[in-house]
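The values are calculated or read from the model by the stated rules, or taken from the named source; none is laboratory data. Please read all numbers here as calculations on a predicted model, not as lab measurements. Positions of Cβ are generated from backbone atoms using ideal geometry, with glycine treated the same way; all protein chains shown enter the neighbour counts. In case anyone asks, the SASA skips ligands and DNA or RNA and just uses the protein heavy atoms, side chains included. Shrake-Rupley method; radii C 1.70, N 1.55, O 1.52, S 1.80 Å.
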Amino acid sequence: MSDPSSKSKIESSPKILSGSEIFLECLQHEGVEVIFGYPGGVVLPIYDKLLDYHIKHFLVRHEQNAAFAAQGYARATGKAGVCMATSGPGATNLITGLTDAYCDSIPIVAITGQVSTAMIGSDAFQEADTLGMTRSCTKHNYFVRDLSELPSIIKDAFHVATTGRPGPVLVDIPKDVLVKQGTFELAKETNLPRKRTSIKWKPEQIAKAAFMIWAAERPVIYAGGGVIHAEAAAKLKKLSELTGIPVTTTVMGLGAFPSDHPSSLGMLGMHGRFATNNAVSKTDLLIGLGVRFDDRVTGKLDGFAKHAKIIHVDIDQAEINKIVKVDLPIVGDLSEVLDALNEQLTETKEKAGQAKEAAREAWMQQIHDWQKAHPLTYDKSTTEIKPQFLMEELDRLIYGKAIVSVDVGQHQMWAAQYLRFSEPRLWANSGGLGSMGFGLPASIGTSVGNPTKIAVALIGDGGFQMSIPELGTLATYKLPVKVIIMNNQYLGMVRQWQEMFYNGRYSEVEFPIFPDCVKLAEAYGIPGRIITKPEELVPALKKGDRDPGAVHS
Ligand SMILES: Cc1ncc(C[n+]2csc(CCOP(=O)(O)OP(=O)(O)O)c2C)c(N)n1
Ligand SMILES: [Mg+2]
């Protein structure tokens, strides 16, 4: 994205720079190429200097969407996404996006302006306690008291966001620091620990894990987003292939294991597959990798994997025994742990690997029988477009070629069940927080972050109405995002709960007015079409292959 011939100002100018310039120099040195943001009073000094730098700024239509777009970028690339907002309302608008990133362990660095230091505490115009408000939804937050601290804070912010368990970090910078002149000296290294984790797993734990794995008759691997964050998908595949153990993934772990692998069990939990949940409830060894035993996975805890010994590998010690008491906790970087475990398993395979072979074969057969008896099915006889049909057709067209960003609701779960993922970072969803309005802005970030893949935004009619203005961002930057609005004409997920748990007493789940999406898209200069018949689906999806386009089904 950045012009390779671009020169940092520091090489051509004296070392006396303004706070804004120092800030932008620091970002450049962190390798930042794009910022998703929205300007305002106290960040004007940064926006002014931005004109002189080769960092590309994407002007979104709401700060919440800057945070979601930064997340889309981070989820697609593994690098920290950057978002920026002004003080007061700009900062408060970021909060949902920060909380969302915190829940899903997504590395983003949020920059907020603050009123000048001398005015803090005076109820100044657009003053808000950003630090206080974001303390609980960031991995860490910083306030820049003095210009001299700025380079080291920026360096530390990127370090904290991307190392250990990744997460959002916020840096709040008062206006006087941005306008002040000072000598620029780049912070060379962070003083924080460089290791991804300071707690190191022990070889005895690896040996014990290998022993438990060979001793198990009905093992299952339960893999989560941590596998993707640790770039450990290939190592997970090796583990599964070395041992023949099937793998189920969480909604955050989709892509951590290839969907079409014979040992793939798809997703587990409330919205997971019958056979997979059966396997988890009957397993005698559950190997949790980069997971957090979320309630959408476990359901009632006393019924979860109740026959199993549990191994839990996670980089965050706070996750160990938080929800479920485990038999063997291993705290460490999954990539390192899986290397060590695979080595141990390779060494011990010949001696120990055969002991339970017959039982393992019977276990896989049992799982296949469950899968055969309870496949994902739907009524194919209707003349309307069934969501599952849409997913199957979309999957056929985009498998391995697209990054799919989804919103929150029924469509999200259909996508999670039916779409296949060949590799990590092809899926962006609001897993832990379940924030409606996520999908469309996230697709902006995935499109910018990885333009080699087709960007698809698959969203509900409810979530779409929360993010309509971002069509403006798509159009402005001509981002080739394929927007698919699944219009079931209600807040489907909520309606489903009312149907199941409130005797079908539907309350406030329909919109009496829904805009004509074609006219709406065209108002932004984006081609759109409404389709209602199954036979129209594939031609419509194909037509908009690389153009911005809205399909309303
Ligand atoms: C910001 C926010 N508000 C409310 C909810 C509660 N909620 C979860 S799913 C859902 C319905 C989503 O409807 P729609 O976007 O049409 O998707 P569908 O379920 O119909 O596929 C709602 C209201 C939420 N998750 N996020
Ligand atoms: Mg809907």
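Remark on the range 140-192: hydrodynamic radius 11.7 angstrom, per the Kirkwood mean of 1/r across alpha carbon pairs. For the range 43-49, putting each phi into the Karplus relation 6.51 cos²θ - 1.76 cosθ + 1.60 with θ = phi - 60° gives couplings of 9, 4, x, 5, 4, 4, 6 Hz, in residue order, rounded to whole numbers and with x for Gly and Pro. Per residue, the convex hull spanned by the Cα atoms of the range 100-214 amounts to 122 cubic angstrom.
If you find the alpha carbon centre of the range 443-504 and of the range 348-365, how far apart are they in angstrom? Cα centres, the range 443-504 to the range 348-365: 45 Å. Inter-part distance, the range 102-141 to the range 233-268, computed on C-alpha centroids, equals 39 Å.
For the chain, the longest principal axis of the Cα atoms and the long axis of helix 357-373 meet at an angle of about 80 degrees.
Using alpha carbon coordinates only, what is the Rg to Rh ratio of the range 36-95, with Rh defined as the Kirkwood radius? Numbers along the way, then the final one.
Values: Rg = 11.4 Å, Rh = 11.7 Å.
Result: Rg/Rh = 0.97.
When each of the peptides 276-283, 46-53, 344-351, 63-70 is scored by the mean number of other C-beta atoms lying within 10 Å of its residues, the order from highest to lowest reads 63-70, 276-283, 46-53, 344-351. Within the shell defined by Cβ-Cβ distances under 12 Å, the residues around Ile485 carry a net charge of -1, with Lys and Arg each +1 and Asp and Glu each -1. Count Lys and Arg as plus one, Asp and Glu as minus one, and take only other residues whose Cβ is under 11 Å from that of Gln71; the net charge is then -1. Binning all Cα-Cα separations of the range 442-512 at 10 Å, short to long from zero, yields these whole-percent fractions: 19, 38, 24, 16, 4.
Largest accessible area first, the residues Phe511, Phe211, Phe304 order themselves as Phe211, Phe511, Phe304 under a 1.4 Å probe with ligands, DNA and RNA left out.
Taking all protein chains together, Met486, Met270, Met252 sort by accessible area into Met270, Met252, Met486, largest first [probe 1.4 Å].
For the range 16-183, the mean projected area of the C-alpha convex hull, equal to one quarter of the hull surface, is 8.3 nm².
Across the protein chains, with a 1.4 Å probe defining accessible surface, the residues Trp201, Trp363, Trp497 rank Trp497, Trp201, Trp363 from largest area downward.
So what's the net charge close to Asp516: Lys and Arg +1, Asp and Glu -1, counting the other residues with Cβ under 12 Å from its Cβ?
That sum, taken over residues with Cβ under 12 Å, equals +1.
Of the whole protein surface, Asp129 contributes about 100 Å² of accessible area at a 1.4 Å probe radius. Taking a quarter of the surface of the Cα convex hull of the range 203-373 gives a mean projected area of 8.6 nm². Amide H contacts of Met252 (H built 1.01 Å from N, in plane; Pro and chain starts excluded): Gly225 sit under 5 Å, all sequence-distant by 5 or more or on other chains.
For the range 16-183, the antiparallel share of DSSP beta bridges with both residues in that region comes to about 10%. Of all lysines in the structure, the ones whose alpha carbon falls short of 18 Å from that of Lys533, not counting any fewer than 8 places away in one chain, are Lys380, Lys386, Lys542, Lys543. With the biggest extent put first, the Cα atoms of the range 387-552 measure 47, 36, 33 Å across the principal axes. Shown in residue order for the range 390-404 are the 3J(HN,Hα) couplings computed by the Karplus curve 6.51 cos²θ - 1.76 cosθ + 1.60 at θ = phi - 60°: 4, 5, 5, 5, 4, 4, 4, 7, 10, 3, x, 10, 10, 9, 9 Hz (x for Gly and Pro). Per atom type, the chain shows carbon and sulfur on 53% of its accessible surface, probed at 1.4 Å. Placing one equal scatterer on every Cα of the chain and applying the Debye formula, the log10 ratio I(q)/I(0) at q = 0.06, 0.08 Å⁻¹ is -0.32, -0.56. The residues of the range 203-373 present an accessible area of 42 Å² per residue when probed at 1.4 Å with all protein chains retained.
Taking every protein chain into account, the accessible area of the range 16-183 amounts to 32 square angstrom per residue (probe 1.4 Å).
Sorting the segments 529-536, 177-184 by their mean number of nearby beta carbons within 10 angstrom, highest to lowest, gives 177-184, 529-536. Estimated from helical segments only, the mean residue ellipticity of the chain at 222 nm is -11500 deg cm²/dmol, where each DSSP H run of four or more residues counts as -39500 (n - 2.57). How fast does the range 254-342 diffuse by Stokes-Einstein, in µm²/s, taking the Kirkwood radius from C-alpha pairs at 4 °C and 1.567 mPa s? Taking Rh from Cα pairs, D becomes 94 µm²/s.
Between 0 and 90 degrees, the angle of helix 492-501 with respect to the longest Cα principal axis of the chain falls at about 50 degrees. The Kirkwood hydrodynamic radius of the range 305-430, based on inverse pair distances between different Cα atoms, is 18.9 Å.
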